[in-house]
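Accompanying notes for the structure given below.
Rule-based calculations on the coordinates, nothing more; no lab input. Please read all numbers here as calculations on a predicted model, not as lab measurements. So basically every Cβ, Gly included, is an ideal-geometry build from the backbone, and we count neighbours across all protein chains shown.
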Amino acid sequence: MENLILDDQHQSRQLNYAGFWIRVGAYLIDCVVLMIGQILLFIPSGVGMESLLNLGIESESLPTSFWISYFALVAFGILYFVLMESSKYQGTLGKLAFGLKVGNEDGTQISFSKALGRYFAKIVSALILLIGFIMVAFDKKKQGLHDKMANTIVYTKN
């Protein structure tokens with residue numbers, strides 16, 4: 001689906017809304033980036049993989065370094081999405097690999113606070129059996145629930 005908008009110089013430009021599968025592909029790349037970040041955060045902490053995989057482990061017996069690494073990982077994930085999507089690049093490494101951008105409904109760069117709100121709105125999209133994400137496949141602007149909540153679009157620029 002296409003959308004014509006006016007840029008800062010009042011010239012018309014065309015935005016193509018990014019569909020479901022290309023966004024899934026971009027997210028898979030982001031998962032690899034976040035996994036590399038996870039490895040880099042957990043290796044220096046000295047937390048062995050056996051303690052991470054042992055689901056029966058008591059939380060009191062986990063070393064402090066585990067919890068520091070865990071919260072650092074959560075912060076890294078949040079900051080990765082929020083900083084990249086609110087930057088001049090308007091997208092994460094996965095989105096950039098596919099030529100996608102996150103923007104306001106007119107395609108302009110979003111603010112840090114809007115990107116942060118969009119990130120936390122993704123939790124709502126996930127909590128309702130991922131329906132908030134699946135909406136992308138059926139919406140005319142290809143917006144998920146999190147995009148609608150944050151008034152954002154994901155698009156490719158021609």
List I43, I29, I68 from most exposed to least, where exposure is judged by having the fewest other Cβ atoms within 10 Å. I43, I68, I29
Under the 0.36 nm per residue contour assumption, what length would be gained going from the current alpha-carbon distance of L130 and I39 to full extension? 30.1 nm
For segment 13-157, what is the number of Lys pairs with C-alpha distance below 19 angstrom, counting only pairs 8 or more positions apart or on separate chains? 27
Computed about the Cα centre, the charge dipole of segment 13-157 from +1 Lys/Arg and -1 Asp/Glu charges at the Cβ has a magnitude in debye, to the nearest 20, of 880 debye
Sort 123-132, 83-92 by the packing proxy (mean of other Cβ within 10 Å over each peptide's residues), most packed first. 83-92, 123-132
